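Here is the structure we will look at, set down as structure tokens.
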Amino acid sequence: MRRPVTVALAAALFASALTTMSAAADLSPVDFVDPLIGSAGDGNTYPGATAPFGMLAWSPTSTRGDQTSTGAANGYQYDTTRIRGFALTHVNGAGCNPGAAGDVPILPFAGDVTSSPTADTTDAVYASNFSHADEAATPGRYRLGLSNAVTTDFAATERTAIGTLTYPQGKPASLLFRTSNSLNGSEDAETHIDAANRRVTGSVLTGAFCGRRANGGVNNRKSYYRLYFTAQFDQPVTGTGTWKDATLQPGGTDQTGGEGYATGKDRAGRGSGGYVTFAPGSKVTMRLGISYVSLEGAERNLRAEQPSKSTVDGIAQKTRKAWNTELNRIGVQGGTAGQRIVFTTALYHSLQQPNLVSDVDGQYLGMDQKPHRVERGQDAQYSNFSGWDQYRAQIQLLALLEPRVAGNFAQSLYNYAKQNDGVWDRWVHVNGATHVMTGDPSAATIATFYAMGVRNFDYRGAFDSLYKQATVPRPEGLQDGGCPGQCVGQRPNLAQYLTSHYAPNDVCHCWGGAAETLEDAVADSAIGHFAELLGRTREAAELQARGSYWRNVFNPATGYTQARNVDGSWVTPFDPASDRGFAQGSAAAYTWMVPQDVSGLADAMGGKTAAVTRLDGFFHDANGNWQLKGGGPLKYDPTNEPDIHAPWLYNELGQPWKTQETVRQLVNSVYTTGPSGLPGNDDLGTMSAWYVFAALGIYPRTPGSGELLLSSPLFPGAVIRPEGGAPIRITTSGSGKYVQDVRRGTRLQRDWKVDASFLHGGSLDFRLSETPTTWGS
């Protein structure tokens, strides 16, 4: 098969329509999305079919000859053209390997099943090659022709999928349900085949996100979940079978057994599943529903989202319409075809999460492993919160474009905290607390939602809960389980932090005392602003003062943020290129992570002029050449979060034209079309959201604030259409990447930022220049 509407074709159509914009209007935003962007390198995106904020995502699981690992953390790697199935759940751009989800891979197989697929530990038999020429990925629909001559065509709704499997003539037509083969493995799985009613059902108990580190190397059972599925066929089932470990049971209809969570030989050859066969040459329509609550929930979801006469084309069109609604939240004018593709795809990736976890009847599984229903006034329960990543850009874009979803998400996180003894976890996967990364990103997230006008959640209750988390020590804060990476304490050794006013590296029970201090200072500053907006003046003063604790890990002697011991001494030897005391980053990168007090940071560095000189060196080599693609630990790293705000710091340092040129250089060189178009892990839409903001010429100033920093827009015009809100217009005149002046409505905007009132509608009109100007300085 060949892609009916390829990205290349969309680009060509757009290019030909540039001179007649009415012709360009025939292309909808969906036509400029390439789901394969980020699927090579370390992007960890997936190309399969999913709906906006969907629970289900039908996408391939790659194999490099080892059924316990894949080509990438998310299950799909563009350069790995062999798959062992199509899984039902995925998380966009997560960086852990093993990662998340990839549940219940289903493999159409043109042959007889003569041995246990689990015994095929190198995926030599029960897998298939494919060519990208036979792959078509568009929002909500994914088609792939396999080298085994089976073609697949699937479309997704929020909780279901429908697709056709076309088998070749003259060969057996088999369909394998590798029920236990989740990306991380599984503790248990069950498969049940009802041939008479043309149905396969089952579930998998899986989880252990990010592997086996948590709780001192023991699987973190808090992050376990069970996914239920139902699969229904329109063609007669002519044969059945099951397997467990190396044993095949032809004719079997029921089987159980998990793989465990190890990798390599300890997990290889373990697990269970089942298969059905159809008549040779069959064209089979399969309808799938999933639930995290029960099999009845999966079947209820399927009935609700797929009426009995549903077709692949019909569902694909419905989901395409839903994606066009979301992608129309920002309409851009002008630009090249490549720029439109990169921008629209970034917006697509940004709005894949949070993900639904509640069923159509409002039921979901809580963090206490008990069934719950959504709160009064809440539309749905959402999850998959990569907090340390998302609080810097993705949650601001969500609040701007989809404030109702943002409010539902805020309530969802609060619900989970109430079910988790008051603890807001840093990285929530499905209904599990994984403890991944550092700091208190929930505080930064909820405070930012409120500052940006989100109100459809219990914000007073959420504030009280977050304040308690920031002020009342808990016993797990003194444990080292899961460290580094998944430390079980949410505010590690809080009592000592409140005494020392920093996280001592030798007793912090955290992933780097310097990083923990910087993260907590950002979080405290954010909820301090939250308190101020709520009229909680005592708490506001207390927390905003704690927002300055970053100063206690800034060493004037070295000029860098540096870890300290509990006795006050600096951790030595010190090297700014080292990550000692930090999490996934160097001292050189983390030193800039003070968005709440840029002027204070500049003073600590010796003044704004000195800070600008250092920032110049962060983005350039000694000869003045750009260093924006990973120039080593002393340079800017566009692939990870601690320094992604750094290009915008020039605004507050009095030289905004350098923000304008640095952001434009990143937009034009680091983000591109093609599978390698993302600089690193998309991290649940974070890197994509950074690009969306940068291309618009705006960026969140600091967590807990609704202010936006300004740069120069990439496109001549853009209209932001928030759900339920007034439009926001951004236009440019002139040429170049430097700002000559800006008008906000009828008045001149002389400042390098806009306040939160801008989020309620208005306009920004930029006049651009080919050369740097002193505007905003």
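The values are calculated or read from the model by the stated rules, or taken from the named source; none is laboratory data. Keep in mind the model is a prediction, meaning the values are calculated, not measured. Cβ atoms come from the backbone with ideal geometry, glycine included; neighbour counts cover every protein chain shown.
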Criterion: within 24 Å of Ala57 (Cα to Cα), assigned to a loop (DSSP other than H, G, I, E, B) and in contact with a Ser or Thr (Cβ under 8 Å, 6 or more places away or on another chain) - qualifying residue of Gly258, Gly274: Gly258
Can you find a residue that is at pLDDT 95 or above, assigned to a strand (DSSP E or B) and surrounded by fewer than 21 Cβ atoms within 10 Å (Cβ to Cβ) anywhere in the range 697-713? no
Output yes when any residue across the range 649-671 is touching an Asp or Glu at 6+ places or on another chain (Cβ under 6 Å) and over 21 Å from Leu768 (Cβ atoms), and no when none is. no
From Tyr691, Tyr650, grab the single residue that is closer than 18 Å to Ile341 by Cβ, in a helix (DSSP H, G or I) and not basic (Lys, Arg). Tyr691
With respect to Thr164, determine if the residue is in the same structural domain as Leu107 (by TED's automatic domain parsing), surrounded by fewer than 22 Cβ atoms within 10 Å (Cβ to Cβ), within 18 Å of Leu302 (Cα to Cα) and not aliphatic (A, V, I, L, M). yes
Being loosely packed, with under 14 Cβ neighbours inside 10 Å, touching a helix residue (DSSP H, G or I) at 6+ places or on another chain (Cβ under 9 Å) and closer than 23 Å to Gly407 by Cβ, is that true of even one residue in the range 717-725? yes
State all residues of the range 514-563 that are part of a strand (DSSP E or B) and surrounded by fewer than 24 Cβ atoms within 10 Å (Cβ to Cβ); if no residue qualifies, say none. Phe554, Asn555, Tyr560
May I ask you to list pairs of residues, at least six apart or on different chains, whose Cβ atoms are under 7 Å apart, with the first in the range 427-442 being aromatic (Phe, Trp, Tyr) and the second being assigned to a loop (DSSP other than H, G, I, E, B) and surrounded by fewer than 24 Cβ atoms within 10 Å (Cβ to Cβ)? Trp427/Met437
Report, ordered by the first and then the second residue, all pairs with beta carbons closer than 7 Å, sequence separation of six or more or different chains, a first member in the range 634-650 that is over 16 Å from Ala602 (Cβ atoms), and a second member that is basic (Lys, Arg) and modelled with pLDDT of 95 or more. Glu641/Arg392; Ile644/Arg392
Residue check, Asp621 surrounded by fewer than 16 Cβ atoms within 10 Å (Cβ to Cβ) and over 22 Å from Ala694 (Cβ atoms): yes
Report yes if some residue within the range 121-132 is under 24 Å from Gly289 (Cα atoms), crowded, with 17+ Cβ neighbours inside 10 Å and β-branched (Val, Ile, Thr); otherwise report no. no
Subset of the range 290-312 (residues that are crowded, with 16+ Cβ neighbours inside 10 Å, over 26 Å from the mean Cα position of the chain (by Cα) and assigned to a helix (DSSP H, G or I)): Leu295, Glu299, Arg300, Ala304, Val312
Got a number for residues in the range 668-688 being in a helix (DSSP H, G or I) and surrounded by fewer than 21 Cβ atoms within 10 Å (Cβ to Cβ)? 2
Condition first: of a type in the set (D, E, K, R) and touching a strand residue (DSSP E or B) at 6+ places or on another chain (Cβ under 6 Å). Can you find one or more residues in the range 88-105 that meet it? yes
Output for Cβ contacts, cut-off 8 Å, separation at least six or different chains, first residue of a type in the set (Lys, Arg) in the range 297-313, second surrounded by fewer than 16 Cβ atoms within 10 Å (Cβ to Cβ), reads Arg300/Asp361
Criterion first (buried (at least 23 other Cβ atoms within 10 Å of the Cβ), touching a residue at least 24 places away in the same chain (Cβ under 8 Å) and either of a type outside the set (A, V, I, L, M, F, W, C) or closer than 25 Å to Cys96 by Cα (or both)) does Gln352 satisfy it? yes
Could you count how many residues in the range 379-398 are more than 14 Å from Val692 (Cα to Cα), of a type in the set (A, V, I, L, M, F, W, C) and over 12 Å from the mean Cα position of the chain (by Cα)? 1
I'd like to check something: does the range 217-230 contain any residue that is part of a loop (DSSP other than H, G, I, E, B), at pLDDT 95 or above and surrounded by fewer than 24 Cβ atoms within 10 Å (Cβ to Cβ)? no
Condition met for Ser182 (under 18 Å from Thr70 (Cα atoms), in contact with an Asp or Glu (Cβ under 7 Å, 6 or more places away or on another chain) and outside the structural domain of Leu684 (by TED's automatic domain parsing)): yes
Residue check for Tyr450: buried (at least 24 other Cβ atoms within 10 Å of the Cβ), among the hydroxyl-bearing types (Ser, Thr, Tyr) and more than 19 Å from the chain's Cα centre (by Cα): yes
Count - residues of the range 708-762 that are over 30 Å from Asn456 (Cβ atoms) and aliphatic (A, V, I, L, M): 4
Assess whether Thr319 counts as being crowded, with 19+ Cβ neighbours inside 10 Å, touching a residue at least 60 places away in the same chain (Cβ under 8 Å) and part of a helix (DSSP H, G or I). yes
Could you tell me which residue of the range 439-487 is farthest from Val594 (Cα to Cα), considering only residues that are of a type in the set (Phe, Trp, Tyr) and part of a helix (DSSP H, G or I)? Tyr459
What are the pairs, 6+ residues apart or on separate chains, where a residue within the range 482-497 that is among the aromatic types (Phe, Trp, Tyr) has its Cβ under 6 Å from a residue that is assigned to a loop (DSSP other than H, G, I, E, B)? Tyr497/Ala503
With Asp480, Asp425, Asp421 as the choices, which residue is under 22 Å from Gly528 (Cα atoms) and either at pLDDT 95 or above or assigned by TED's automatic domain parsing to the domain that holds Glu516 (or both)? Asp425
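Results for (1) modelled with pLDDT under 90; (2) in a loop (DSSP other than H, G, I, E, B), shown as yes or no for each residue.
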site: Asp26; (1), (2): yes, yes
site: Asp31; (1), (2): no, no
site: Ile37; (1), (2): no, yes
site: Thr45; (1), (2): no, yes
site: Gly54; (1), (2): no, yes
site: Gln67; (1), (2): yes, yes
site: Ala72; (1), (2): yes, yes
site: Thr80; (1), (2): no, yes
site: Ile83; (1), (2): no, no
In the range 106-124, residue farthest from the chain's Cα centre (by Cα) [restricted to those that are within 17 Å of Tyr167 (Cα to Cα) and either assigned to a loop (DSSP other than H, G, I, E, B) or of a type in the set (A, V, I, L, M) (or both)]: Asp112
Quick test of your reading of the structure: Gly145 fulfils all but one of (1) buried (at least 24 other Cβ atoms within 10 Å of the Cβ); (2) in contact with an Asp or Glu (Cβ under 7 Å, 6 or more places away or on another chain); (3) farther than 30 Å from Ser358 by Cα. Name the failing condition by number. (1)
Pairs needed: first member in the range 135-163, on the phi > 0 side of the Ramachandran plot; second member anywhere, in a strand (DSSP E or B); C-beta distance under 8 Å; at least 6 residues apart or different chains. Gly140/Ala49; Gly140/Thr50; Gly140/Ala155; Gly140/Ala156
